[in-house]
Amino acid sequence: MGTPLLAGLAVAAAAYAGRYSIQAWQAFKTRPPRIRRFYEGGFQSAMTRREAALILGVRESMPVDKIREAHRRVMVANHPDAGGSHYLASKINEAKDMMLGRTKGSGSAL
């Protein structure tokens, strides 16, 4: 007598779980696309560590090898020989120098 009751409850629980997962999947499919937010605003006249970190897409306290890896990734995407801007390339290089502690002057060459 108890076995058919338990079997019925198990079937009902499976049906509710299936219904919930179908509804969750449909809600997931119809959600709006996630829009990536970028830093709004131009470059500062004198680059700071914060701005350099934003340009390279790293934290201000990253190890040297991670900074070099991020510089390479960003530079490959924006290199002047590949159709990128000379100005952006100089800012990317300036950001790398700032993060590695090699800056002497202020501002970019362009």
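The values are calculated or read from the model by the stated rules, or taken from the named source; none is laboratory data. All values derive from a computational prediction rather than experimental measurement. Please note: Cβ atoms are built from the backbone with ideal geometry, for glycine as well, and neighbour counts cover all protein chains shown. Note: areas computed on protein heavy atoms with side chains; ligands, DNA, RNA excluded. Shrake-Rupley method; radii C 1.70, N 1.55, O 1.52, S 1.80 Å.
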Original post:
Within region 45-52, is even one residue polar (S, T, N, Q), assigned to a helix (DSSP H, G or I) and loosely packed, with under 11 Cβ neighbours inside 10 Å?
Top reply: no
Original post:
residue 27 passes all but one of (1) among the aliphatic types (A, V, I, L, M); (2) assigned to a loop (DSSP other than H, G, I, E, B); (3) exposed (fewer than 10 other Cβ atoms within 10 Å of the Cβ); which number fails?
Top reply: (2)
**OP:** Could you tell me whether residue 18 is farther than 14 Å from residue 97 by Cα and either open to solvent by 80 Å² or more (accessible area, probe 1.4 Å) or not in a loop (DSSP other than H, G, I, E, B) (or both)?
**Re:** yes
Original post:
Within region 61-70, is even one residue open to solvent by 80 Å² or more (accessible area, probe 1.4 Å) and modelled with pLDDT under 90?
Top reply: yes
Original post:
Between a first residue in region 52-81 that is within 14 Å of residue 98 (Cβ to Cβ) and a second residue that is in a loop (DSSP other than H, G, I, E, B) and hydrophobic (A, V, I, L, M, F, W, C), which pairs have beta carbons less than 7 Å apart while being 6 or more apart in sequence or on different chains?
Top reply: 67/58; 70/58
